[in-house]
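The values are calculated or read from the model by the stated rules, or taken from the named source; none is laboratory data. Just so we're clear, the structure is a prediction, and the values are computed from it rather than from any experiment. We place every Cβ from the backbone using ideal geometry, glycine too, and count neighbours over all the protein chains shown.
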Amino acid sequence: MLARFAHTLFGSANDRALKNYQKRVALINGLEEGVKSLSDEDLQRKTSEFRERLKKGESLEDLQCEAFAVCREAARRILGMRHFDVQLIGGMVLHDGRIAEMRTGEGKTLVATLAVYLNALAGKGVHVVTVNDYLASRDAAEMSVLYQFLGLSTGVIVPNLSDDERRAAYHCDITYGTNNEFGFDYLRDNMKYTLQEMVQRPFFHAIVDEVDSILIDEARTPLIISGPAEDSSELYRQVDKVMAVISKDPGHYEKDEKLRTVILTESGVEAVEEALRDEGVLAGGMYDAQNVEVVHHVQQSLRAHTLFARDVDYIVRDNKVILIDEFTGRMMDGRRYSDGLHQALEAKEAVEIQKENQTLASITFQNYFRLYPKLSGMTGTAMTEANEFAEIYNLRVIEIPTNVPVQRSDSDDEIYLTEAQKFNAVANLIEEIHATGQPVLVGTTSIEKSERLSDLLAQRKVLHNVLNARHHEREASIIAQAGSPGAITIATNMAGRGTDIKLGGNPDLMVKELLKGLTEEELTEERRKTIEEGVLAQVKEAHKVVQKAGGLYVIGTERHESRRVDNQLRGRSGRQGDPGNSRFFLSLEDDLIRIFATGRMGAMMQKLGLKEGEAIIHPWLNKALEKAQKKVEARNFDMRKNTLKYDDVMNDQRKEVYAQRREYMEAENVSDVIAEMRARLIEELLDRHIPEKTFPEAWEVLTLRKELFGIFALDLNLEEWVLEDEMDEEILLSRIEENVEQAYQEIVEMVGQETMTLLEKHILLTSFDAVWKEHLHGLDRLRQGIGLRAYGQKDPLNEYKQEAFQMFGYMLDELRRRVVSSLSRVRPIAAADSQMSVEGDNDILSLPSDANVTQGHEVQEAPVLSRNALCPCGSGLKYKHCCGRVE
Ligand code: ADP
């Protein structure tokens, strides 16, 4: 009550922000006549003028109105589109580092040009992030004409570019690419050995399209660069054989559908142990220390069998398990669940088990995008997640009014007793609408449900198209026609598809489809023109028909867990003032209702009296459902927040490691760092083996001698030294130091100062990567085990933080030992052909720049290693004489 009262009195925060933006819109409009009268050349010259003024101390804010006016005028001349006033507001919101919520069809691609142009003036590179490569290339191609006119360069990052091409793209004023490409380049850059090899510049400003998909839906899946680990496919099969049986007995495990977790019951554990022993996989008890790996396999296999369903979470095709994007229903070929789950699914489906990979580097999108000093985004649906954007990313969502008022009419939900009745009702409505010539778009939550509805329509002999992961290839042509009179399109979640359903049909896509069928010879300029004109005429006619029939009718066959996804579906209709309708159908058997809205909802149903085949439509129910959705959204947010808390621990460490690594890389030589390491190691050894305030007799001289030999390859006769008069800790320390330093200098002389400098840096960097990689693995395992600590009344996150911190310390200790001991063992090689040489960094160890990039996950082949290069194990020997020796 009070809130509503306050709202009418003061206006919402959103209204106030809009009011401010409106003032600037007026200023920009006031500049319009002036820029309109400029010649093309004078308009173009504005860019260099702005840059000059920036140099002289003006800020981007000072230039904003003028720059927007220039960009708008240039777009009008070059693209034939003049930014609407609301689009100017969108541009300002982006410039302010906020999220612009603008509905589908409001022209976000054009909106971005304003903030891109203004920020690119700073010369530090603006990144425009899209959800797929197609959109990156398309948007870049379409908008680069404008940027070029304004004197700015545009680059695109897509898979399979060489490092040189990537570097060139990053050095453009504006760079388009997907979140995956940007993220992988960041990770790869931090695995390079020289600054020159890096491709990215320091971050400045990122504008993220479909920001909710990237920062919320994808936030939980980290980008991972991995290399092959040991093969354990046999174990997967053996465990699968056992778990296939165990999972058939619900008494053996407890499943929580809400949390998507499953654990073995006591009887389950017993049964598994017995079966595994029979298989010869298990010795001793399952939870014995030596069986951690087996337990891990069992757990993943149990999940694969009880929580993941074929054709819902994944499909099997070409001897592969291919994941399905929960939000778009698309196949995510190449994307794999991590940590052995994917292999467990492969075992379950009896397809080839791909080799497991080991993480070499990883980052979540959350943490990647938080690296940008300025971040902004746009999407049709962000308001429902405004809290999350604010809390996690410090991004404020501004809801921007549509250019023309929305004409779509949204009906209340219809609720049925059973799913079957619901689908029947949907089919009835489809037939009804179809008869009027209105196109229908039906959204479903899974491929299975799409097919179920499709069968139902086929029985009734109603022609329709199905858009889902299975028919990926035909997607463009189906969407092209989805707005044609009487078209019926069934689609699994429509999010992020980035292609418009236009009333009457999408002429661009239709032309493209028609041209595809022609050979090069057939495709004359004339022919193309005829086709284009034909399509345009056809679409124009069809548009009128559809407009009259009432626009696109959107039917939802279930409510999604998140209101945002429902809104995305709804938003497909009613773009740019088009007419349209939307209606959702539900049943008491739907997951959302079954799991989250049982008690009150059931009672309400009874009160309202629900009969077979009849629907209940009541605003109450919409409210109750919205409440259920809010509950789930909040829970999912909590889960993401929790993941983030854990990830933050690793993130802090990664930042530290990358910064340190970069410092080493930038340094001309790292001799000081390594000398410091030697000194520190010696001190530590003495601390450990010489108890405080003791006489030489109490010192652990023998052990000390052995350890010194182990690290410095130097045998010092400590037993004799300690017999000398006046021997004390100080003297011992300085004498050891002297010897170590002298031995090291001898190595430097043997090898040559120049080579040694290169070697030191190389060994420091490769050892750093090696210990970091091992540390990452350790953190993974720590995290998996940490949940169990909760039983011991301890806060797992705290425990995790403490131990991770401790492990980080161990990692640094290990780094020192490795670096120093490798360098202490460097010797020139005597053989004639193998004179010790370091042939320039690239030759030593080069990471393939075209490493196999897949979405969400990159598999890195073993590094390419020249046989004459130094062995990466840090021995200081040539690879062919060390680990790469062919016996
Ligand atoms: P969104 O991403 O917001 O759904 P798009 O960027 O795909 O929208 O644009 C939708 C359509 O509107 C495109 O065909 C685009 O060319 C057109 N459009 C956008 N802004 C304008 C404008 N100011 N004037 C004319 N057409 C525009």
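List of remarks:
- Residue count, segment 625-643 (criterion: of a type in the set (A, V, I, L, M) and surrounded by fewer than 18 Cβ atoms within 10 Å (Cβ to Cβ)): 2
Table: residues versus (1) in contact with a Gly (Cβ under 8 Å, 6 or more places away or on another chain); (2) closer than 30 Å to V131 by Cα; (3) surrounded by fewer than 22 Cβ atoms within 10 Å (Cβ to Cβ); (4) not small (G, A, S).
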residue	(1), (2), (3), (4)
Y21	no, yes, yes, yes
R24	no, no, yes, yes
S39	no, no, yes, no
E61	no, yes, yes, yes
A74	no, yes, no, no
H83	yes, yes, no, yes
L110	no, yes, no, yes
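- Selection count, segment 617-664, where residues are within 17 Å of R564 (Cα to Cα) and in contact (Cβ under 8 Å) with a residue 60 or more places away in the chain: 11
- Among the residues of segment 95-127, the ones that are within 16 Å of the ligand (Cβ to nearest atom) and in a strand (DSSP E or B) come to 3 in all.
- Of all residues in segment 65-94, those that are in a helix (DSSP H, G or I) and within 14 Å of the ligand (Cβ to nearest atom) total 18.
- Residue in segment 139-159 that is within 10 Å of the ligand (Cβ to nearest atom) and either at positive phi or not aliphatic (A, V, I, L, M) (or both) present: yes
- Against the list (1) out of contact with any Leu (no Cβ under 6 Å at 6 or more places or on another chain); (2) closer than 28 Å to T492 by Cβ, the condition R559 fails is (1).
- Once segment 672-713 is narrowed to residues that are under 26 Å from M191 (Cα atoms) and out of contact with any helix residue (DSSP H, G or I) (no Cβ under 6 Å at 6 or more places or on another chain), the residue that is surrounded by the most Cβ atoms within 10 Å (Cβ to Cβ) is V673.
- Counting residues in segment 222-241 that are at pLDDT 85 or above, in a helix (DSSP H, G or I) and either touching a strand residue (DSSP E or B) at 6+ places or on another chain (Cβ under 9 Å) or closer than 30 Å to N132 by Cα (or both) gives zero.
- Helices (runs of 4 or more DSSP H) lying entirely in segment 674-751 (those with 2 or more residues that are at pLDDT 90 or above and at positive phi): none
- Selected residue (only one of M286, M332 is touching a residue at least 40 places away in the same chain (Cβ under 8 Å), surrounded by 14 or more Cβ atoms within 10 Å (Cβ to Cβ) and in contact with a helix residue (DSSP H, G or I) (Cβ under 9 Å, 6 or more places away or on another chain)): M332
- The residues listed here are L592, L586, L514, L569; of these, the one that is in contact with a strand residue (DSSP E or B) (Cβ under 9 Å, 6 or more places away or on another chain), assigned to a helix (DSSP H, G or I) and more than 16 Å from the ligand (Cβ to nearest atom) is L592.
- First in segment 10-33 and of a type in the set (D, E, K, R), second anywhere and surrounded by 14 or more Cβ atoms within 10 Å (Cβ to Cβ), Cβ under 7 Å, 6 or more apart: R24/C65; R24/M92; E32/A69
- Hey, A790 of a type outside the set (K, R), modelled with pLDDT of 90 or more and within 30 Å of H296 (Cβ to Cβ) or not: no
- Test: residue in segment 466-475 that is modelled with pLDDT under 90, within 23 Å of D209 (Cα to Cα) and basic (K, R): no
- Within this structure, D164 passes the test of being surrounded by fewer than 22 Cβ atoms within 10 Å (Cβ to Cβ), in a helix (DSSP H, G or I) and more than 16 Å from the ligand (Cβ to nearest atom).
- If you go through segment 242-264 and keep only what is more than 13 Å from R303 (Cβ to Cβ), at pLDDT 85 or above and part of a loop (DSSP other than H, G, I, E, B), you end up with K248, D249.
- The set of residues in segment 517-562 being small (G, A, S), farther than 30 Å from E448 by Cβ and part of a loop (DSSP other than H, G, I, E, B) consists of G517, G550.
- Condition check for D508 on (1) within 16 Å of the ligand (Cβ to nearest atom); (2) within 28 Å of the chain's Cα centre (by Cα); (3) at pLDDT 80 or above: one failure, at (2).
- Look at segment 131-142: where a residue is part of a helix (DSSP H, G or I) and a partner is small (G, A, S) and buried (at least 21 other Cβ atoms within 10 Å of the Cβ), sitting 6+ places away or on another chain with Cβ atoms under 7 Å, you get A136/G177.
- Being within 16 Å of the ligand (Cβ to nearest atom) and over 19 Å from the mean Cα position of the chain (by Cα) holds for only one residue in V351, V426, V404, and it is V404.
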